[in-house]
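Participant: Below are the C-alpha coordinates for one structure; questions will follow.
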Amino acid sequence: MQENHPTQGATENHFNENLCVNCQVNSYEPGYNTNLCSDCRKSLIKYPIPKWIRFFGLGILVVVIISLLRTQKYIYAAVHLGKAENAIDQKHFVTAQRELSLVLNQFPEHFNANAYMMVASAYNFDYETYQIAFSKVADVKTEDKDLLNTVNAASEYIVQSFPKDTLMYKRIVAVANDKGKLLAILDSTDEIALKTHVANFLFATKDYARVDSIVNRVLEVDPNFYQALSLKTAVKRNTARYDEALALCDRLLAFNTENIYAISQKARIELKRKHDKEAAVFASKAIALDPDDDSAIEAMAMVDYFAGRKKESLASLAKIKAHETQSGDSTISKRLSPIILGSEIYR
(Lines give C-alpha, C1' and ligand atoms only; values in the text may rest on other atoms or scores of the structure.)
Protein backbone atom coordinates (compact mmCIF):
# COMPACT_ATOMS: atom_id res chain seq x y z
CA MET A 1 0.00 0.00 0.00
CA GLN A 2 1.30 3.40 -1.03
CA GLU A 3 1.61 5.83 1.82
CA ASN A 4 0.45 9.49 1.69
CA HIS A 5 2.00 12.32 3.78
CA PRO A 6 -0.33 15.32 3.35
CA THR A 7 0.89 17.18 6.47
CA GLN A 8 4.58 17.03 5.43
CA GLY A 9 3.88 18.30 1.88
CA ALA A 10 1.82 21.17 3.13
CA THR A 11 4.62 22.23 5.52
CA GLU A 12 7.33 22.31 2.79
CA ASN A 13 5.27 24.50 0.43
CA HIS A 14 3.71 26.78 3.01
CA PHE A 15 4.81 30.49 3.02
CA ASN A 16 4.43 32.15 6.39
CA GLU A 17 3.56 35.82 5.98
CA ASN A 18 4.51 36.48 9.60
CA LEU A 19 8.14 35.55 8.97
CA CYS A 20 10.93 37.22 6.95
CA VAL A 21 10.21 36.88 3.21
CA ASN A 22 13.86 36.03 2.59
CA CYS A 23 14.83 33.47 5.23
CA GLN A 24 11.36 32.38 6.47
CA VAL A 25 12.96 31.77 9.88
CA ASN A 26 12.99 35.05 11.81
CA SER A 27 10.17 37.43 12.35
CA TYR A 28 10.20 40.42 10.00
CA GLU A 29 11.09 43.88 11.20
CA PRO A 30 8.02 46.14 11.06
CA GLY A 31 8.01 49.65 9.54
CA TYR A 32 9.33 48.81 6.05
CA ASN A 33 7.66 48.14 2.72
CA THR A 34 9.39 44.76 2.41
CA ASN A 35 8.97 42.32 5.29
CA LEU A 36 12.59 41.42 6.10
CA CYS A 37 14.21 40.55 9.37
CA SER A 38 16.99 42.85 10.58
CA ASP A 39 19.74 40.31 9.70
CA CYS A 40 18.52 39.80 6.13
CA ARG A 41 17.99 43.51 5.62
CA LYS A 42 21.60 44.28 6.63
CA SER A 43 22.92 41.42 4.51
CA LEU A 44 21.04 42.52 1.38
CA ILE A 45 22.06 46.16 1.80
CA LYS A 46 25.74 45.18 2.00
CA TYR A 47 25.52 42.70 -0.86
CA PRO A 48 27.66 44.10 -3.72
CA ILE A 49 26.17 44.49 -7.22
CA PRO A 50 28.25 42.39 -9.67
CA LYS A 51 30.49 44.49 -11.95
CA TRP A 52 29.10 42.89 -15.08
CA ILE A 53 25.64 44.18 -14.18
CA ARG A 54 27.02 47.67 -13.70
CA PHE A 55 28.85 47.62 -17.06
CA PHE A 56 25.83 46.14 -18.78
CA GLY A 57 23.60 48.87 -17.36
CA LEU A 58 26.13 51.55 -18.34
CA GLY A 59 26.29 50.14 -21.87
CA ILE A 60 22.51 50.29 -22.21
CA LEU A 61 22.56 53.90 -20.98
CA VAL A 62 25.22 54.86 -23.57
CA VAL A 63 23.24 53.21 -26.37
CA VAL A 64 20.08 55.04 -25.31
CA ILE A 65 21.88 58.41 -25.19
CA ILE A 66 23.49 57.89 -28.63
CA SER A 67 20.14 56.84 -30.08
CA LEU A 68 18.45 59.91 -28.65
CA LEU A 69 21.18 62.21 -30.03
CA ARG A 70 21.03 60.63 -33.48
CA THR A 71 17.26 60.74 -33.52
CA GLN A 72 17.33 64.39 -32.52
CA LYS A 73 19.88 65.08 -35.29
CA TYR A 74 17.71 63.40 -37.92
CA ILE A 75 14.58 65.17 -36.71
CA TYR A 76 16.42 68.51 -36.76
CA ALA A 77 17.54 67.94 -40.35
CA ALA A 78 14.11 66.76 -41.47
CA VAL A 79 12.43 69.84 -39.99
CA HIS A 80 14.78 72.28 -41.70
CA LEU A 81 14.68 70.39 -44.99
CA GLY A 82 10.89 70.62 -44.87
CA LYS A 83 11.11 74.36 -44.23
CA ALA A 84 13.49 74.73 -47.17
CA GLU A 85 11.17 72.83 -49.51
CA ASN A 86 8.26 75.05 -48.46
CA ALA A 87 10.38 78.16 -49.00
CA ILE A 88 11.34 76.99 -52.49
CA ASP A 89 7.69 76.39 -53.33
CA GLN A 90 7.02 80.02 -52.36
CA LYS A 91 10.15 81.26 -54.20
CA HIS A 92 11.68 82.46 -50.92
CA PHE A 93 15.16 81.46 -51.98
CA VAL A 94 17.16 83.36 -49.36
CA THR A 95 15.18 81.63 -46.63
CA ALA A 96 15.55 78.29 -48.42
CA GLN A 97 19.32 78.65 -48.68
CA ARG A 98 19.56 79.50 -44.99
CA GLU A 99 17.52 76.43 -43.99
CA LEU A 100 19.47 74.14 -46.31
CA SER A 101 22.75 75.33 -44.82
CA LEU A 102 21.55 74.04 -41.44
CA VAL A 103 20.80 70.63 -42.96
CA LEU A 104 24.10 70.38 -44.84
CA ASN A 105 26.07 71.34 -41.74
CA GLN A 106 24.83 68.05 -40.27
CA PHE A 107 24.69 65.93 -43.45
CA PRO A 108 27.07 67.39 -46.10
CA GLU A 109 26.38 64.59 -48.61
CA HIS A 110 22.58 64.63 -48.37
CA PHE A 111 21.38 64.38 -51.98
CA ASN A 112 18.06 66.21 -51.73
CA ALA A 113 19.54 68.97 -49.59
CA ASN A 114 22.34 69.55 -52.10
CA ALA A 115 19.93 69.44 -55.03
CA TYR A 116 17.68 72.02 -53.40
CA MET A 117 20.74 74.08 -52.50
CA MET A 118 21.57 74.23 -56.21
CA VAL A 119 18.09 75.64 -56.80
CA ALA A 120 18.18 78.21 -54.00
CA SER A 121 21.72 79.42 -54.69
CA ALA A 122 21.02 79.64 -58.44
CA TYR A 123 18.12 82.05 -57.97
CA ASN A 124 20.22 83.98 -55.44
CA PHE A 125 23.11 84.08 -57.94
CA ASP A 126 25.42 82.61 -55.31
CA TYR A 127 27.88 80.99 -57.72
CA GLU A 128 30.24 79.54 -55.12
CA THR A 129 27.52 77.75 -53.16
CA TYR A 130 25.94 76.53 -56.39
CA GLN A 131 29.24 74.94 -57.50
CA ILE A 132 29.76 73.22 -54.14
CA ALA A 133 26.26 71.75 -54.19
CA PHE A 134 26.64 70.72 -57.84
CA SER A 135 29.85 68.80 -57.05
CA LYS A 136 27.93 66.75 -54.46
CA VAL A 137 25.17 65.60 -56.81
CA ALA A 138 26.81 65.62 -60.26
CA ASP A 139 27.47 61.88 -60.32
CA VAL A 140 24.33 60.79 -58.48
CA LYS A 141 21.30 59.53 -60.42
CA THR A 142 17.76 60.19 -59.29
CA GLU A 143 14.35 59.04 -60.44
CA ASP A 144 12.66 62.11 -58.93
CA LYS A 145 11.72 63.85 -62.18
CA ASP A 146 10.09 66.82 -60.47
CA LEU A 147 13.23 67.56 -58.48
CA LEU A 148 15.38 67.08 -61.58
CA ASN A 149 13.24 69.50 -63.60
CA THR A 150 13.42 72.06 -60.80
CA VAL A 151 17.21 71.77 -60.63
CA ASN A 152 17.57 72.04 -64.41
CA ALA A 153 15.40 75.16 -64.57
CA ALA A 154 17.44 76.80 -61.81
CA SER A 155 20.70 75.83 -63.50
CA GLU A 156 19.59 77.43 -66.75
CA TYR A 157 18.68 80.57 -64.82
CA ILE A 158 22.15 81.00 -63.30
CA VAL A 159 24.09 79.86 -66.37
CA GLN A 160 22.60 82.68 -68.47
CA SER A 161 24.93 85.16 -66.78
CA PHE A 162 28.10 83.38 -67.95
CA PRO A 163 29.32 84.49 -71.40
CA LYS A 164 30.11 81.58 -73.70
CA ASP A 165 32.82 83.53 -75.51
CA THR A 166 35.18 84.21 -72.61
CA LEU A 167 37.85 85.74 -74.86
CA MET A 168 35.37 88.32 -76.14
CA TYR A 169 34.35 89.06 -72.57
CA LYS A 170 37.98 89.78 -71.67
CA ARG A 171 38.17 92.14 -74.65
CA ILE A 172 35.12 93.99 -73.39
CA VAL A 173 36.60 94.37 -69.90
CA ALA A 174 39.89 95.58 -71.39
CA VAL A 175 38.16 98.47 -73.23
CA ALA A 176 35.53 99.19 -70.57
CA ASN A 177 36.46 102.90 -70.47
CA ASP A 178 36.56 103.39 -74.25
CA LYS A 179 33.06 104.03 -75.56
CA GLY A 180 34.04 103.77 -79.22
CA LYS A 181 35.67 100.39 -78.82
CA LEU A 182 32.75 99.13 -76.76
CA LEU A 183 30.35 100.02 -79.56
CA ALA A 184 32.60 98.30 -82.10
CA ILE A 185 32.55 95.10 -80.04
CA LEU A 186 28.79 95.39 -79.66
CA ASP A 187 28.32 95.00 -83.40
CA SER A 188 30.68 92.02 -83.58
CA THR A 189 28.80 89.64 -81.27
CA ASP A 190 25.34 88.14 -81.18
CA GLU A 191 25.69 86.76 -77.66
CA ILE A 192 23.17 88.53 -75.44
CA ALA A 193 25.29 88.11 -72.30
CA LEU A 194 28.13 89.99 -73.99
CA LYS A 195 25.80 92.69 -75.33
CA THR A 196 24.50 93.21 -71.81
CA HIS A 197 28.05 93.54 -70.47
CA VAL A 198 28.75 96.23 -73.08
CA ALA A 199 25.54 98.02 -72.10
CA ASN A 200 26.54 97.83 -68.46
CA PHE A 201 29.84 99.61 -69.13
CA LEU A 202 28.08 102.18 -71.32
CA PHE A 203 25.74 102.91 -68.42
CA ALA A 204 28.65 104.65 -66.66
CA THR A 205 28.79 107.14 -69.56
CA LYS A 206 25.14 108.08 -68.85
CA ASP A 207 24.18 107.30 -72.44
CA TYR A 208 20.89 105.92 -71.16
CA ALA A 209 19.10 105.98 -74.49
CA ARG A 210 21.72 103.76 -76.11
CA VAL A 211 21.82 101.45 -73.08
CA ASP A 212 18.05 101.11 -73.16
CA SER A 213 18.15 100.31 -76.86
CA ILE A 214 20.74 97.56 -76.36
CA VAL A 215 18.86 96.08 -73.44
CA ASN A 216 15.61 96.07 -75.40
CA ARG A 217 17.26 94.06 -78.19
CA VAL A 218 18.52 91.58 -75.61
CA LEU A 219 15.06 91.22 -74.09
CA GLU A 220 13.59 90.55 -77.53
CA VAL A 221 15.76 87.42 -77.59
CA ASP A 222 15.12 86.48 -73.95
CA PRO A 223 12.39 88.46 -72.13
CA ASN A 224 13.57 87.09 -68.76
CA PHE A 225 17.30 87.73 -69.12
CA TYR A 226 18.18 88.72 -65.57
CA GLN A 227 21.12 91.07 -66.18
CA ALA A 228 19.23 92.95 -68.89
CA LEU A 229 16.18 93.43 -66.68
CA SER A 230 18.38 94.57 -63.80
CA LEU A 231 20.16 97.12 -65.97
CA LYS A 232 16.88 98.37 -67.40
CA THR A 233 15.57 99.11 -63.88
CA ALA A 234 18.56 101.42 -63.35
CA VAL A 235 18.00 103.12 -66.71
CA LYS A 236 14.34 103.76 -65.90
CA ARG A 237 15.27 105.05 -62.44
CA ASN A 238 17.81 107.54 -63.80
CA THR A 239 15.44 108.75 -66.53
CA ALA A 240 12.68 109.46 -63.99
CA ARG A 241 10.40 106.68 -65.23
CA TYR A 242 9.89 105.42 -61.73
CA ASP A 243 6.74 103.36 -62.09
CA GLU A 244 8.28 101.48 -65.02
CA ALA A 245 11.40 100.87 -62.93
CA LEU A 246 9.36 99.46 -60.06
CA ALA A 247 7.41 97.24 -62.46
CA LEU A 248 10.69 95.82 -63.76
CA CYS A 249 11.76 95.09 -60.19
CA ASP A 250 8.52 93.17 -59.74
CA ARG A 251 9.40 91.09 -62.82
CA LEU A 252 12.66 90.13 -61.12
CA LEU A 253 10.84 89.37 -57.87
CA ALA A 254 8.51 87.02 -59.75
CA PHE A 255 11.44 84.62 -60.03
CA ASN A 256 12.71 85.14 -56.49
CA THR A 257 10.46 86.97 -54.04
CA GLU A 258 13.50 87.52 -51.80
CA ASN A 259 15.72 88.99 -54.53
CA ILE A 260 17.74 91.40 -52.39
CA TYR A 261 19.02 93.37 -55.38
CA ALA A 262 15.48 94.03 -56.66
CA ILE A 263 14.23 95.03 -53.21
CA SER A 264 17.23 97.32 -52.69
CA GLN A 265 16.70 98.80 -56.15
CA LYS A 266 13.13 99.63 -55.15
CA ALA A 267 14.54 101.58 -52.21
CA ARG A 268 16.88 103.54 -54.50
CA ILE A 269 14.04 104.26 -56.94
CA GLU A 270 11.82 105.59 -54.17
CA LEU A 271 14.67 107.74 -52.85
CA LYS A 272 15.23 109.13 -56.33
CA ARG A 273 11.67 110.45 -56.42
CA LYS A 274 11.84 111.55 -52.76
CA HIS A 275 9.53 108.89 -51.34
CA ASP A 276 11.79 108.41 -48.33
CA LYS A 277 9.35 106.51 -46.11
CA GLU A 278 8.68 103.93 -48.82
CA ALA A 279 12.41 103.66 -49.48
CA ALA A 280 13.10 102.99 -45.80
CA VAL A 281 10.61 100.11 -45.83
CA PHE A 282 12.32 98.45 -48.79
CA ALA A 283 15.82 99.02 -47.39
CA SER A 284 14.81 97.53 -44.04
CA LYS A 285 13.32 94.50 -45.77
CA ALA A 286 16.53 93.94 -47.75
CA ILE A 287 18.70 94.27 -44.63
CA ALA A 288 16.46 91.86 -42.73
CA LEU A 289 16.99 89.22 -45.41
CA ASP A 290 20.77 89.55 -45.29
CA PRO A 291 22.55 92.20 -43.17
CA ASP A 292 25.81 91.51 -45.03
CA ASP A 293 24.50 91.92 -48.56
CA ASP A 294 26.19 94.95 -50.15
CA SER A 295 23.13 95.95 -52.19
CA ALA A 296 21.05 96.01 -49.01
CA ILE A 297 23.74 97.93 -47.12
CA GLU A 298 23.96 100.45 -49.97
CA ALA A 299 20.21 101.05 -49.90
CA MET A 300 20.24 101.54 -46.14
CA ALA A 301 23.25 103.87 -46.37
CA MET A 302 21.34 106.05 -48.83
CA VAL A 303 18.22 106.03 -46.65
CA ASP A 304 20.34 107.10 -43.67
CA TYR A 305 22.09 109.80 -45.69
CA PHE A 306 18.89 111.43 -46.88
CA ALA A 307 17.44 111.16 -43.36
CA GLY A 308 20.40 113.15 -42.02
CA ARG A 309 22.13 110.18 -40.40
CA LYS A 310 25.50 110.79 -42.03
CA LYS A 311 27.48 108.86 -39.40
CA GLU A 312 25.42 105.71 -40.04
CA SER A 313 25.70 106.09 -43.81
CA LEU A 314 29.48 106.42 -43.61
CA ALA A 315 29.65 103.31 -41.41
CA SER A 316 27.71 101.40 -44.06
CA LEU A 317 30.08 102.63 -46.76
CA ALA A 318 33.04 101.43 -44.69
CA LYS A 319 31.38 98.02 -44.31
CA ILE A 320 30.89 97.74 -48.08
CA LYS A 321 34.52 98.67 -48.71
CA ALA A 322 35.65 96.01 -46.24
CA HIS A 323 33.64 93.40 -48.17
CA GLU A 324 35.06 94.64 -51.46
CA THR A 325 38.64 94.08 -50.34
CA GLN A 326 37.78 90.39 -50.30
CA SER A 327 35.70 90.25 -53.49
CA GLY A 328 37.86 92.61 -55.53
CA ASP A 329 34.76 94.32 -56.99
CA SER A 330 34.40 97.96 -55.95
CA THR A 331 31.36 98.77 -58.12
CA ILE A 332 29.00 99.57 -55.25
CA SER A 333 31.35 101.73 -53.20
CA LYS A 334 32.36 103.72 -56.29
CA ARG A 335 28.76 104.69 -57.06
CA LEU A 336 27.77 105.17 -53.41
CA SER A 337 30.74 107.26 -52.24
CA PRO A 338 30.06 110.38 -54.37
CA ILE A 339 26.44 110.43 -53.19
CA ILE A 340 26.95 110.26 -49.43
CA LEU A 341 30.12 112.35 -49.57
CA GLY A 342 28.17 115.10 -51.34
CA SER A 343 30.10 115.29 -54.62
CA GLU A 344 27.21 113.92 -56.71
CA ILE A 345 23.61 115.05 -56.65
CA TYR A 346 21.38 111.98 -56.62
CA ARG A 347 18.09 113.84 -56.67
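Participant: Taking only the C-alpha atoms, wrap a convex hull around segment 288-347 and report its volume per residue in Å³ as a whole number.
Facilitator: So the per-residue Cα hull volume is 78 Å³.
Participant: Where the accessible area of segment 196-243 is counted over protein heavy atoms with a 1.4 Å probe, how much of it, in %, is carbon and sulfur?
Facilitator: 50
Participant: Okay, next question. Stretched out fully, how many nm does the piece from L219 to F111 gain, at 0.36 nm a residue minus the Cα gap?
Facilitator: Stretched out fully, the L219 to F111 stretch lengthens by 35.3 nm.
Participant: Computing the accessible area with a 1.4 Å probe over protein heavy atoms, can you report the carbon and sulfur percentage for segment 51-161?
Facilitator: Exposed carbon and sulfur together represent 59 percent of the surface.
Participant: Counting only other residues whose beta carbon sits under 9 Å from that of I320, what net charge do I get with K and R as +1, D and E as -1?
Facilitator: Once positives and negatives cancel, what remains is -1.
Participant: Tell me the angle of helix 294-306 to the major Cα principal axis of the chain, expressed in degrees between 0 and 90 and rounded to the nearest ten.
Facilitator: 70
Participant: Moving to a separate point now. How far is it, in nm, from the label point at A153 to the one at V21 when both lie 7 Å from their Cα along the line to the Cβ?
Facilitator: Placing both labels 7 Å beyond Cα along the Cβ direction yields 7.0 nm.
Participant: Calculate one ³J(HN,Hα) per residue across segment 225-234 by plugging θ = phi - 60° into the Karplus curve 6.51 cos²θ - 1.76 cosθ + 1.60, and present them in order as whole Hz with x for glycine and proline.
Facilitator: 5, 4, 4, 5, 4, 4, 5, 5, 4, 5
Participant: Separate question: What accessible area, in Å² to the nearest ten, does a 1.4 Å probe give for Y127?
Facilitator: 90
Participant: So what is the orientation-averaged projected area of segment 166-341, using the convex hull of its C-alpha atoms, in nm²?
Facilitator: 10.1
Participant: Let me see the P(r) profile for the chain: every Cα-Cα distance counted, bins of 10 Å, each bin given as a percent of all pairs.
Facilitator: Percent of pairs per bin, in order: 5, 17, 22, 18, 9, 4, 4, 6, 5, 5, 3, 2, 0, 0.
Participant: Report the Stokes-Einstein translational diffusion coefficient (µm² s⁻¹, integer) for segment 124-174, Rh taken as the Kirkwood radius over Cα pairs, at 20 °C with viscosity 1.002 mPa s.
Facilitator: Answer from the Stokes-Einstein relation: 166 µm²/s.
Participant: In the full protein assembly as shown, how much of K181 is accessible to a 1.4 Å probe, in Å² to the nearest 10?
Facilitator: It works out to around 110 Å².
Participant: By how many degrees, between 0 and 90 and to the nearest 10, does the Cα long axis of helix 260-272 differ from the longest principal axis of the chain?
Facilitator: 50
Participant: Right, next: Accessible area per residue, 1.4 Å probe, Å², for the chain: what's the number?
Facilitator: Numbers: 20820 Å² over 347 residues.
Result: 60 Å² per residue.
Participant: Using a 1.4 angstrom probe on the protein heavy atoms only, line up M118, M300 by accessible area, largest first. Each step should come with its number before you reach the end.
Facilitator: Numbers: M118 10, M300 40 Å².
From most accessible down to least: M300, M118.
Participant: Once you keep just the Cα pairs under 8 angstrom separated by 6 or more residues, what percentage relative contact order results for the chain?
Facilitator: Once divided by the residue count of the chain, the mean separation gives 8 percent.
Participant: Helix-only mean residue ellipticity at 222 nm, the chain, DSSP H runs n ≥ 4 weighted -39,500 (n - 2.57), per residue, nearest 500. What is it?
Facilitator: When only DSSP H runs of four or more count, the value is -22500 deg cm²/dmol.
Participant: Expected output is a single nm value to one decimal: the length gained when fully extending between L102 and T239, i.e. 0.36 nm times separation in residues minus the C-alpha distance. What is it?
Facilitator: Extending this stretch completely gives an extra 45.0 nm.
Participant: For segment 197-231 and segment 277-347, compute the distance between their C-alpha centroids and round to whole Å.
Facilitator: Centre-to-centre (Cα) distance: 24 Å.
Participant: Moving on to the next point. Sorting check: for 241-248, 166-173, which peptide has the highest mean count of neighbouring beta carbons within 10 Å, and how do the rest follow?
Facilitator: Listed from highest to lowest mean packing, they are 241-248, 166-173.
Participant: Same structure again: Per 0.36 nm of contour for each residue apart, how much would the distance between H275 and V63 grow if the chain were fully extended, relative to their Cα-Cα spacing? Please list the in-between numbers first.
Facilitator: Numbers: separation 212, 0.36 × 212 = 76.32 nm, distance 6.25 nm.
Full extension of this stretch gives 70.1 nm more.
Participant: Taking the Cα centre of the chain as origin, work out the dipole magnitude from +1 charges on Lys and Arg Cβ and -1 charges on Asp and Glu Cβ, in debye rounded to 20.
Facilitator: Computed charge dipole of the chain: roughly 1440 debye.
The values are calculated or read from the model by the stated rules, or taken from the named source; none is laboratory data. Everything numeric here is computed off the predicted structure, so don't read it as measured data. Note: ideal-geometry Cβ built from the backbone for every residue, glycine included; neighbour counts use all protein chains shown. We work out accessible area using only protein heavy atoms, side chains counted, and drop any ligands, DNA or RNA first. Shrake-Rupley method; radii C 1.70, N 1.55, O 1.52, S 1.80 Å.
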